[in-house]
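See below for the structure under consideration.
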Amino acid sequence: MLQLRTSSRRHPLRTAWFVGAAMVLPAAAAASLSSMSPPPVPFWTTTTTTLARITTGARAFKGGEGCPSSMARVGNDCVDKYEASLVEIAEDGSESAFSPYTPPNGHPVRAVSRAGVVPQAHISMVEAKHACEASGKRLCRAAEWKAACKGPESTRYPYGDERVPGACVDTGRTAPMSVLYGGEHSVRTMNDPRANQLDGTVEATGAAAECTNGYGVHDMVGNVHEWTDDGSFRGGYYLDTQINGEGCDYRTTVHARTYYDYSTGFRCCADVGAVSEE
C-alpha cells in the first residue's frame, strides 16, 4: 500500500503545472515533466515568518572564522552546512517556507541552510544558482564542493574511504517510481510531488549523523543530488551513490542546466567574509 508521510503541520499541496526541459534519461536519474497537473497531496510546513535578508560585505560573524554559523569554512570558502531549502519572499518582505516537493520555477525564492528540514528537490541548476544569489551567495564551484565533501582528510566518503551502509541516506531506500508507476521513468512521472513524500526516500537535513566530516558539512553524499556550477550534480542521491563514481567522486554530467526531477537539489557557497549572519 502506498504510504505518504503525514504530519499535523502540513496542508494540501497546491496544484501546479510543470514545464520540463528536453533531455536524455539515464537509468539512475529522473526526468522533468513537460505538462502535468498532480493531485493534491500533503507537503512540508509553510509557517510564515519575517526574516532579515542576508547582506553581503558584512563582518558580523559567529566564531571569528569569516563564515556565518550556517556555513562551514573550507579553506578560503564558506560552504553551507546543509543541503539547501527554500523560502518564498512575499511583496511585503515576509518569507514562508517553500514546498521542497515542487519546482520553484517562477517563484521569488532564496536558499537557506537549516538543519532538520526537508531539502529542496525538483530544482534545476539555473534556479539553484538564482536562489543562492538571492541570499548573497553562489552555487558551489565544483572544486570547493568536492573539497568540502572529502573533508580535512580528503577521503572518498565524508566519513572515510570505505563505504559504510547506512552512514548516509543511501541504503535500503524506497524507489518512488517503482511504487507509484511500476518502474516508469519518464517525463510523465519524475516530478510527481508524491515521490519524496514516500517513507524511505528523502530525510531531513542532518538526520544521518555519521554523514559528515571535520568541516561539519552534512549529507554531501546521498539524500539529494547537488548541482555545482560546472553543470553537473554531485554526491548521488538516496538510491544511488556509486554508479557515476563513489561518494564524493560521484558526478552526473548528461543533463541540461534546466533539468530537474525528484532527485536534484543543491547547496550554496561564498567567499570567506562575504556573507553575514542571517
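The values are calculated or read from the model by the stated rules, or taken from the named source; none is laboratory data. In this text the structure is predicted, and so the values were computed from the model without any measurement. Note that each Cβ is placed from the backbone with ideal geometry, even for glycine, and that neighbours are counted across all protein chains shown.
Just a few scattered comments:
- Matching residues in the stretch 242-264 - criterion: being in contact with a helix residue (DSSP H, G or I) (Cβ under 6 Å, 6 or more places away or on another chain) and either assigned to a loop (DSSP other than H, G, I, E, B) or among the hydroxyl-bearing types (S, T, Y) (or both): R257, T258, Y262
- Qualifying helices (runs of 4 or more DSSP H) (wholly inside the stretch 123-195; at least 2 residues being of a type in the set (A, V, I, L, M, F, W, C) and under 19 Å from the mean Cα position of the chain (by Cα)): 125-133, 142-150
- Taking the criterion of being assigned to a loop (DSSP other than H, G, I, E, B) and either among the acidic types (D, E) or surrounded by fewer than 20 Cβ atoms within 10 Å (Cβ to Cβ) (or both), the residues of the stretch 79-104 that qualify are E83, A90, E91, D92, G93, S94.
- Out of T201, T174, T155, one residue alone is buried (at least 21 other Cβ atoms within 10 Å of the Cβ), of a type in the set (V, I, T) and at pLDDT 95 or above. It is T201.
- Meets criteria (of a type in the set (D, E) and under 13 Å from the mean Cα position of the chain (by Cα)) for D80: yes
- Residue match in the stretch 199-220 (condition: under 10 Å from C168 (Cβ atoms), part of a loop (DSSP other than H, G, I, E, B), in contact with a helix residue (DSSP H, G or I) (Cβ under 7 Å, 6 or more places away or on another chain) and of a type in the set (A, V, I, L, M)): yes
- Of all residues in the stretch 214-245, exactly one satisfies the criterion of being buried (at least 23 other Cβ atoms within 10 Å of the Cβ) and farther than 21 Å from H122 by Cβ, namely V217.
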